[in-house]
């Protein structure tokens, strides 16, 4: 396993369904539901929905939790939750939640938001803690998976996103390797 590189286990972006970053909240909701149904019925091996910009470049992925961020637009004003929680200062996060009126009226104007809010407005782009190179070792990925609690890492060749490394695939490989030990 030490010799395995990210490119050996990654799934190419062309194997994932995609949606435009200019799609509406409702279109994203519908697309996520369709992807989930196809996955559960065995018609698709992917349940991740990638997001591409108008040039066709993959800029991120969207999940049900991202839709909740889209419902509560005040999250764009707050980016300190992780830092605050990391240092055990959850009481500050509760104060910020109150100060920024987070989740005061998330369903107010729900139908308007569903048709007006575009995916690019609430899409989070991959961070350094969620990005790897095709040539990186799995050891680096183990660290990122464990420390950052992501289920997927974005794989880049230069500046181009070329695939995803799913934790489930890495786990499966580790499991196969351990079982081969004959313990």
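What number of residues within the stretch 54-66 are touching a helix residue (DSSP H, G or I) at 6+ places or on another chain (Cβ under 9 Å) and either surrounded by 14 or more Cβ atoms within 10 Å (Cβ to Cβ) or not in a helix (DSSP H, G or I) (or both)?
6
Kindly list the number of the only condition in (1) modelled with pLDDT under 90; (2) assigned to a strand (DSSP E or B) that fails for residue 46.
Every condition holds for residue 46 apart from (2).
Mind listing just one residue for me: the one in the stretch 130-156 that is in contact with a strand residue (DSSP E or B) (Cβ under 9 Å, 6 or more places away or on another chain) and surrounded by fewer than 13 Cβ atoms within 10 Å (Cβ to Cβ) and, of those, nearest to residue 68 (Cα to Cα)?
151
Tell me which residues, restricted to the stretch 8-53, are buried (at least 17 other Cβ atoms within 10 Å of the Cβ) and within 27 Å of residue 179 (Cβ to Cβ).
Across the stretch 8-53, the qualifying residues are 9, 10, 11, 48.
Scan the stretch 3-25 for residues that are within 21 Å of residue 38 (Cβ to Cβ), assigned to a loop (DSSP other than H, G, I, E, B) and without any contact (Cβ under 8 Å) to a residue 60 or more places away in the chain and jot them down.
17
The values are calculated or read from the model by the stated rules, or taken from the named source; none is laboratory data. As the structure is a prediction and not an experimental result, all values here were calculated from the model. Every residue, glycine among them, receives a Cβ derived from its backbone with ideal geometry; neighbour counts consider all protein chains shown.
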